[in-house]
Amino acid sequence: MAGKTLYDKLWDDHLVKQRDDGSALIYIDRQLLHEVTSPQAFEGLRLANRKPWRIDANLATPDHNVPTTDRAKGIEGIVDPVSRIQVETLGKNCDEFGILEFKIMDKRQGIVHVIGPEQGATLPGMTIVCGDSHTSTHGAFGCLAHGIGTSEVEHVLATQCLVQQKMKNMLVKVDGQLGKGVTGKDVVLAIIAKIGTAGGTGHAIEFGGEAIQNLSMEGRMTICNMAIEAGARVGMVAVDGTTIEYVKGRPFSPKGESWDAAVKYWRTLHSDLDAVFDKTVELDAADILPQVSWGTSPEMVVGINGHVPDPAKEEDPIKREGIERALKYMGLQPNQAITDIKLDRVFIGSCTNSRIEDLREAAVVVKGRKVADSLMQAMVVPGSGLVKAQAEAEGLDQIFIEAGLEWRDPGCSMCLAMNADKLGQGEHCASTSNRNFEGRQGFGGRTHLVSPAMAAAAAIAGHFVDVRELLN
Amino acid sequence: MRAFTQHQGLVAPMDRSNVDTDMIIPKQFLKSIKRTGFGPNLFDELRYLDEGQPDQDSSQRPLNPDFVLNQPRYKNASVLLARSNFGCGSSREHAPWALDDYGFRVIIAPSFADIFYNNCFKNGLLPIVLEANIMEKLFQEAEAAEGYELTVDLQAKTVITPSGESFSFDVDDFRRHCLLNGLDDIGVTLEDAERIKSYEDQRRETAPWLFGAGQ
Ligand code: SF4
């Protein structure tokens, strides 16, 4: 019999019941909750007169709607009354059911996908869900983690289980060494450019190979975060020394004997050598350049030395039309050099790239330099209150402020512009977030996805540049 | 949940691939804490010429005449024909809520994004996958004939055209069962409460760190 993949192992360890019709009940170890996708789930519980199955499996925080300035005012600082009601509703629901919540004034508050790992609430081998598609982030810890809809949030609250169909196994292997200035973000953008936004549909993707193994946990989280942009609900990386080192000593991490037992188990969380994948894709790390998205889908990406594509050269009519539509929306010309794209704003943040390492990478680039005069705004939004505190302890905030970037409070911010941070119509933004869909960062806004280092370089130049030129 | 057995309805063709959930229902409308009322803002940025705000009377807004659902012939459509990777992007269940609230009961496409596909079933909305060449034919027929209707039979797993041509589709048995009977799947899962408890007890023994350790 062939060996098991990491996904197979995680699945088997959480299987409560295999039903005859092919569906299965899977036990969920951790649910993360935020204000946008949970109110209707709590309401459903109340209407059906049900109680949460296991309160200590849940952890909540508001992130999507919170302002990134003026936080001393707490909830009162949320100007939009509809946003405020949502944040208040999360608070009331958590209080009523006794669920631990890092509220808006708590220094541990932040983007759900940043605080889970930071607290050790994300542990290797767990099944983790959240009403948010970027829950795939947690797979970086050798977890089975994926986004769910609100009905499923309610289902997990009520039963601690999910009804699932087993997915297929896919391996994305990145061998070799990454060049200087090339980050996890560039790797995942290059992967999506290669396999497309539906390339992973129906599959759980395991990211492996030397280049992935050499990445820090932050880099691995960035890659797993965007598995969903490749169509896969689940992205994973095998557990190794880097994982265990990261988890050690965090508030929710096991201690003492329990730690030793956990580590022993965690060490088994990798695909067996003879495991069989339904699909395998290979990339060579040395070929990956710093990436920039030019269009309105995360697969519309090229290297920094590339050009905006020419629809006339595309033979597939559906693709051609897609390119034409994207160019029109983005206000770009066919064959235009990527380095000629002028920017209006720069956003460094989001659950993809707002961790301490991301901020360090951006700070190295802007240190001693100034943001281009032509830019309307450049902002840095740390992923959590603790990331913010750490960055300030390292003096990163001063580097950003001296260079002319705004230093904000934690939250989702301009990643989806549900709070006051948004793009104006027609504005181009270099953004470290994960989606460049039409209107994502504001009505008519034009998003270009890049790494933190590339966003920082773009802030200095006022247009895209190869960050490697600034690193020497 | 509302049961779904059979449905016959007017077809609207949306000729665009990779329709993402931000397009289906833009984020400013996610601030509601209810499950209903999203219909007027379905496809908001494509449908209207101005930028929509929550709590606004959408009937007064300027419509985009080029958008398919704004054409009088597709008024009251309840079956949506779509292109590949429909529903990609976020996990927001507001997307199926908006489609449902608008009046759609069935969405037919060559492929769907996983989370969206799953969310539809929880809301009595049926997503159907048909092969690209069949989709092409349905698109052509729907565009050619005004008032074009399809009949969908979930029991028989078929889509039937006005000329009587029938195409079968796949849907997994559990989802079909829940939809046909309008079952609340939390109730179904809780029938296995004992089993969940014994799994949990065993995990407390073998993996105690998963149960509040370190807090
Ligand atoms: S940062 Fe962006 S992608 Fe991440 S959870 Fe927030 S809104 Fe979603």
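Residues in the stretch A:435-453: is at least one more than 16 Å from the ligand (Cβ to nearest atom), touching a residue at least 12 places away in the same chain (Cβ under 8 Å) and polar (S, T, N, Q)? No - not one qualifying residue is present in the stretch A:435-453. Screening the candidates A:Ile104, A:Ile99, A:Ile55 for the property of being among the β-branched types (Val, Ile, Thr) and in contact (Cβ under 8 Å) with a residue 60 or more places away in the chain yields one hit, A:Ile99.
Considering only residues of the stretch A:132-155 that are in a loop (DSSP other than H, G, I, E, B) and within 14 Å of the ligand (Cβ to nearest atom), which is nearest to A:Ser384 (Cα to Cα)? Ranking the candidates gives A:Asp132 first. Are any residues in the stretch A:393-422 within 12 Å of the ligand (Cβ to nearest atom), of a type in the set (A, V, I, L, M, F, W, C) and touching a residue at least 40 places away in the same chain (Cβ under 8 Å), and if so, which ones? A:Cys412, A:Met414, A:Cys415, A:Leu416, A:Met418, listed by residue number.
Evaluate the stretch A:289-307: report whether one residue or more is part of a helix (DSSP H, G or I) and more than 21 Å from the chain's Cα centre (by Cα). For the stretch A:289-307, residues part of a helix (DSSP H, G or I) and more than 21 Å from the chain's Cα centre (by Cα): absent.
Using the structure shown, decide if B:Arg35 is within 10 Å of chain A (Cβ to nearest Cβ), touching a Ser or Thr at 6+ places or on another chain (Cβ under 7 Å), under 25 Å from A:Val79 (Cα atoms) and in contact (Cβ under 8 Å) with a residue 24 or more places away in the chain. Judged against the criteria, B:Arg35 is not a match. Only one of the listed residues (A:Val172, A:Val129) is farther than 24 Å from A:Glu357 by Cα, part of a strand (DSSP E or B) and either touching a residue at least 60 places away in the same chain (Cβ under 8 Å) or away from the ligand (no atom under 14 Å from the Cβ) (or both). That residue is A:Val129. Among the conditions (1) within 24 Å of A:His64 (Cβ to Cβ); (2) part of a helix (DSSP H, G or I), B:Asn133 misses just one, which is (1).
What's the total number of residues in the stretch A:196-227 that are away from chain B (no Cβ under 12 Å) and surrounded by fewer than 20 Cβ atoms within 10 Å (Cβ to Cβ)? Selection size over the stretch A:196-227: 6. One residue alone among A:Lys342, A:Lys388, A:Lys370 is buried (at least 24 other Cβ atoms within 10 Å of the Cβ), charged (D, E, K, R) and either at pLDDT 95 or above or more than 16 Å from the ligand (Cβ to nearest atom) (or both), and that residue is A:Lys388. Among the residues making up the stretch A:199-222, those that are under 21 Å from B:Asp20 (Cβ atoms) and under 19 Å from the mean Cα position of the chain (by Cα) are A:Gly199, A:Gly200, A:Thr201, A:His203, A:Ile205, A:Thr222. When the stretch B:1-18 is limited to residues that are modelled with pLDDT of 95 or more and of a type in the set (A, V, I, L, M), the one that is surrounded by the fewest Cβ atoms within 10 Å (Cβ to Cβ) turns out to be B:Leu10.
This table checks each residue for (1) in contact (Cβ under 8 Å) with a residue 60 or more places away in the chain; (2) surrounded by fewer than 18 Cβ atoms within 10 Å (Cβ to Cβ).
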position: B:Ile128; (1), (2): no, no
position: B:Lys137; (1), (2): no, yes
position: B:Ala144; (1), (2): no, yes
position: B:Leu154; (1), (2): yes, no
position: B:Thr158; (1), (2): no, yes
position: B:Ser163; (1), (2): no, yes
position: B:Cys178; (1), (2): yes, no
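Among residues of the stretch B:181-215 being in contact (Cβ under 8 Å) with a residue 24 or more places away in the chain and surrounded by 15 or more Cβ atoms within 10 Å (Cβ to Cβ), the one that is farthest from the other protein chains (Cβ to nearest Cβ) is B:Asp184. Scanning the stretch A:165-194 for residues that are within 14 Å of chain B (Cβ to nearest Cβ) and either surrounded by fewer than 21 Cβ atoms within 10 Å (Cβ to Cβ) or at positive phi (or both) gives A:Gln165, A:Lys166, A:Lys168.
Give the residue that is surrounded by the fewest Cβ atoms within 10 Å (Cβ to Cβ), with candidates limited to residues of the stretch A:444-471 that are part of a helix (DSSP H, G or I) and not aliphatic (A, V, I, L, M). By that ranking, first place goes to A:Glu469.
So which residues in the stretch A:251-297 are within 14 Å of another protein chain (Cβ to nearest Cβ) and of a type in the set (Val, Ile, Thr), if there are any at all? A:Val263, A:Thr268, A:Thr296 - these are the residues of the stretch A:251-297 that are within 14 Å of another protein chain (Cβ to nearest Cβ) and of a type in the set (Val, Ile, Thr). For A:Arg369, state whether it is under 26 Å from A:His134 (Cα atoms) and more than 14 Å from chain B (Cβ to nearest Cβ). No: the conditions fail for A:Arg369. When A:His134, A:His138 are checked against the criterion of being farther than 23 Å from A:Glu245 by Cβ and either among the hydroxyl-bearing types (Ser, Thr, Tyr) or crowded, with 24+ Cβ neighbours inside 10 Å (or both), A:His134 stands alone in meeting it. Quickly run through the stretch B:91-112 and pick out the residues that are touching a Leu at 6+ places or on another chain (Cβ under 8 Å) and within 16 Å of the ligand (Cβ to nearest atom). Of everything in the stretch B:91-112, those that are touching a Leu at 6+ places or on another chain (Cβ under 8 Å) and within 16 Å of the ligand (Cβ to nearest atom) turn out to be B:Arg92, B:His94. Out of the residues in the stretch A:257-274 that are touching a residue at least 60 places away in the same chain (Cβ under 8 Å) and of a type outside the set (A, V, I, L, M, F, W, C), state the one that is farthest from B:Trp209 (Cα to Cα). Per the criteria, the residue is A:Asp274. In this structure, does A:Val281 turn out to be over 30 Å from A:Lys4 (Cβ atoms) and within 24 Å of the chain's Cα centre (by Cα)? When the stated conditions are applied, A:Val281 does not pass them. Here A:Lys328 meets the list (1) within 29 Å of A:Gly116 (Cβ to Cβ); (2) free of Cβ contacts under 8 Å to residues at least 24 places away in the same chain almost entirely, failing just condition (1).
Selection of the stretch B:137-155 for residues being assigned to a loop (DSSP other than H, G, I, E, B) and either aliphatic (A, V, I, L, M) or within 16 Å of A:His155 (Cβ to Cβ) (or both) yields B:Ala145, B:Leu154. Do we have any residue at all in the stretch A:185-198 that's over 14 Å from A:Val281 (Cα atoms) and more than 20 Å from the chain's Cα centre (by Cα)? No: the stretch A:185-198 contains no residue that is over 14 Å from A:Val281 (Cα atoms) and more than 20 Å from the chain's Cα centre (by Cα). Yes or no: A:Gly110 more than 12 Å from the ligand (Cβ to nearest atom), out of contact with any His (no Cβ under 8 Å at 6 or more places or on another chain) and touching a residue at least 40 places away in the same chain (Cβ under 8 Å)? It is false that A:Gly110 is more than 12 Å from the ligand (Cβ to nearest atom), out of contact with any His (no Cβ under 8 Å at 6 or more places or on another chain) and touching a residue at least 40 places away in the same chain (Cβ under 8 Å). In the stretch A:373-385, the residue that is farthest from the other protein chains (Cβ to nearest Cβ) out of those that are more than 16 Å from the ligand (Cβ to nearest atom) and in contact (Cβ under 8 Å) with a residue 40 or more places away in the chain is A:Asp373. Against the definition (within 14 Å of another protein chain (Cβ to nearest Cβ), over 27 Å from A:Pro81 (Cβ atoms), over 22 Å from the mean Cα position of the chain (by Cα) and modelled with pLDDT of 95 or more), how does A:Gly404 come out, yes or no? It is false that A:Gly404 is within 14 Å of another protein chain (Cβ to nearest Cβ), over 27 Å from A:Pro81 (Cβ atoms), over 22 Å from the mean Cα position of the chain (by Cα) and modelled with pLDDT of 95 or more.
The values are calculated or read from the model by the stated rules, or taken from the named source; none is laboratory data. In this text, all values refer to a predicted model and were calculated from it rather than measured experimentally. Backbone-built Cβ (ideal geometry, glycine too); neighbour counts: all protein chains shown.
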